[in-house]
1. Assuming Arg450 fulfils every condition listed in (1) open to solvent by 60 Å² or more (accessible area, probe 1.4 Å); (2) under 39 Å from the mean Cα position of the chain (by Cα); (3) among the basic types (Lys, Arg) apart from one, which condition is it?
2. Restricting attention to segment 357-367, does a residue exist that is at pLDDT 90 or above and either under 27 Å from Arg450 (Cβ atoms) or of a type in the set (Asp, Glu) (or both)?
3. Which numbered condition trips up Glu375, out of (1) more than 26 Å from Gly426 (Cα to Cα); (2) in contact with a strand residue (DSSP E or B) (Cβ under 6 Å, 6 or more places away or on another chain)?
4. What number goes with the only condition from (1) at pLDDT below 85; (2) in a helix (DSSP H, G or I) that Gly274 does not pass?
5. Whether any residue in segment 379-387 is in a helix (DSSP H, G or I), of a type outside the set (Ser, Thr, Tyr) and buried (at least 18 other Cβ atoms within 10 Å of the Cβ) is what I want to check.
6. Could you please give the count of residues in segment 595-627 that are modelled with pLDDT of 75 or more and within 30 Å of Leu71 (Cβ to Cβ)?
7. Could you list, in sequence order, all residues of segment 542-580 that are modelled with pLDDT of 75 or more, hydrophobic (A, V, I, L, M, F, W, C) and over 17 Å from the mean Cα position of the chain (by Cα)?
8. Which one is modelled with the highest pLDDT among residues in segment 388-421 that are in a helix (DSSP H, G or I) and open to solvent by 80 Å² or more (accessible area, probe 1.4 Å)?
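The values are calculated or read from the model by the stated rules, or taken from the named source; none is laboratory data. Keep in mind the model is a prediction, meaning the values are calculated, not measured. Note that each Cβ is placed from the backbone with ideal geometry, even for glycine, and that neighbours are counted across all protein chains shown. Only protein heavy atoms, including side chains, enter the accessible area calculation; ligands, DNA and RNA are left aside. Shrake-Rupley method; radii C 1.70, N 1.55, O 1.52, S 1.80 Å.
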Amino acid sequence: MKLFRMSIKNIRKSVKDYTIYFLTLILGVAIFYIFNSLDSQEAMLVVSSSTREIIKLMLSMIQFVSIFVALILGFLIVYANNFLIKRRKKEFGLYMTLGMGKRQISGILLGETFLIGLLSLGIGLVIGVFGSQLMSILVAKLFEADMSEYQFVFSEAACVKTCLYFGVMYVAVMVFNVFVISRYKLIDLLSAAKKNEKVKMKNPVICVLVFLVAAVTLGYAYYLVTAGIHKIDTIDKIGIPILMGVVSTFLIFWSVSGLALKLVQMNKNMYLKGSNLFILRQIHNQINTTVVSMTIICLLLFMTISVLSSALSLNRLLTQDMEKMTPVDINLYKTAELPNNGEYSEMQIQDSRKPVSETLKENGLDMKLLTDVVEVTTYQTDDWTWEDSLKSIIDSAKEQFPMLRYDLAEELIQVSDYNKVARLYGIEEYEVAEDEYIVLCNSDNMVNLRNWALENDTEVTLGGKRYHSKYRKCQEGYLTISASHTNTGVIIVPDNSIFSENIKEYQHYLMANYHADSKDEKKEIEGIFANERESELIDNLGKNQIELQGLTKISIIESSKGVSTIITFIAIYLGITFLIASSAILALKELTENSDNRQRYTILRKIGMDEKMIHQALFRQIGIFFMAPLLLAILHSVFGIQFALKLISVQVQAKEMLPSVVATAVFLILVYGGYFLATYIGSKNIIKE
């Protein structure tokens, strides 16, 4: 009981030392609870069945990510606790001098760890419970859930899971404390304040060479993930630029730690001005002993910036594309002219020759449910394949895209038919001369490939007549609605060009809107096509084995929002975790260093430096340490974000990235800046002692 009371007194006395520790634990608990309580939010209960499936997928992924997050937070707690023990070595030495055994000291630490853990767990859960209510509102908005019957929710499952995970972490910390204390000797504890880490001076010439090698290696890694991304044609090759980036980051910090002081010393006016000499010496000593830590912090910050910016940009882009690429409520299509080769029934063959509207009518659909109906047919011919379209660059194309089927026929559409669709979609209409064609394409990778071929003015022969492209690049356009740019190529040809014996019908299309005014009425009609309830149309089509494919605006929006929301939530979860980890590691490292260097600040006071100058020196020293890994992380992120978006075949302009970058920057300033201020305030208190 006496040891427990002593633990309470120690916590009260050292509350300033525990600020960063408390802050990190509380944030960790709150975030862990918030993301693991999503399944209990009332907003989840009033959504469509397809959205519910997407949410279940998101929750299962979050549970998996939570294990990874728990490991990071566990490491962080042990690291932070190690700082506190190091900070109190002299105190423990005095305890042992007064006759206290290592077991009793371990008992005091156990009591302190238990109390700190219990307090931070309680506060973190309270913040998490209220934070989860805000999260539920965000989820409801993203999934368009009904919030009219929303109630305050406490997730028992999330609470138990949080307590269990963090309980295991605290037990690990307690075991770690006992182990550390058992290894200390009295002489080491009493002389801890006088011991400094040995700093080995590095050869400047070697540092310059290492820096140049690191810069060149990093530059080549940047090239591979941007302009040279075509060289990363398999998954296993992705690790090459990543490994190069990690090694280069370490070498840059290693070489700069040996060069920075030498470079500044060359400028005597700067070196000898004010407290610069002291600041630079402090930074030089600290960087030399924290190269690995700075590398880890830089990489964690890089992942934070890249993950958040990429996810938020992708979310915005998907939302914008979704609005643009779904101009109508429904888009149905089926294969035309099925071959009589025994694979298909006579009914299927007969149906393939009919327009989509005829198929719907014959299978019991009331066409009054649809309005603004447009039907068109596309064509194919063996005389016009992908190889014919790309013949001017075919060898390079096959080398760059070996998996493409170059023998497949292109999809052709008459200009008058396409313009019917364009008018309905509200997009640009086109005109072609008797000997011209236009390539419509908006899929990012295919646009580049087709533009490359069109620059050579590729001519194609169709029905004995030569045709050339009206434009030297692809034009914007599409036939099927989708969540993003997925059109790999449709060719607009003159109306009279398809009347040839070698040209066959390829697809029948129907585009239309629902004959409904309200959202509920549209969902009622949607149920027929989405098969969310019993439907005569769906049943008959199934019985007759008639294949009719299609997409609806509602289903596209629900699935796309689900994908973008899953990406965004996991990105935020990981981004917050990485940011807290990097900030806390750096803050604790700085507090440890300033605790070890208290005597140096005492000497500064003795030689006449006032408190204002000392605080300015401390502020600049901590500021440089916080900025160094951040600046390199930002540079990494410029190329990392481009790489991430290119991997998923998304091209984003700089201006489109701005809102996401600003949001990430604000978040970074709040958390990273908050840790910086807490570190500065904590360090000021330490050097006053």
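1. Status for Arg450: all satisfied but (1).
2. no
3. (1) is the only condition that Glu375 fails.
4. (2)
5. Checked segment 379-387: at least one residue is in a helix (DSSP H, G or I), of a type outside the set (Ser, Thr, Tyr) and buried (at least 18 other Cβ atoms within 10 Å of the Cβ).
6. 4
7. Hits for segment 542-580 are Leu548, Leu551, Ile554, Ile556, Ile557.
8. So, considering only residues that are in a helix (DSSP H, G or I) and open to solvent by 80 Å² or more (accessible area, probe 1.4 Å), the one modelled with the highest pLDDT is Lys420.
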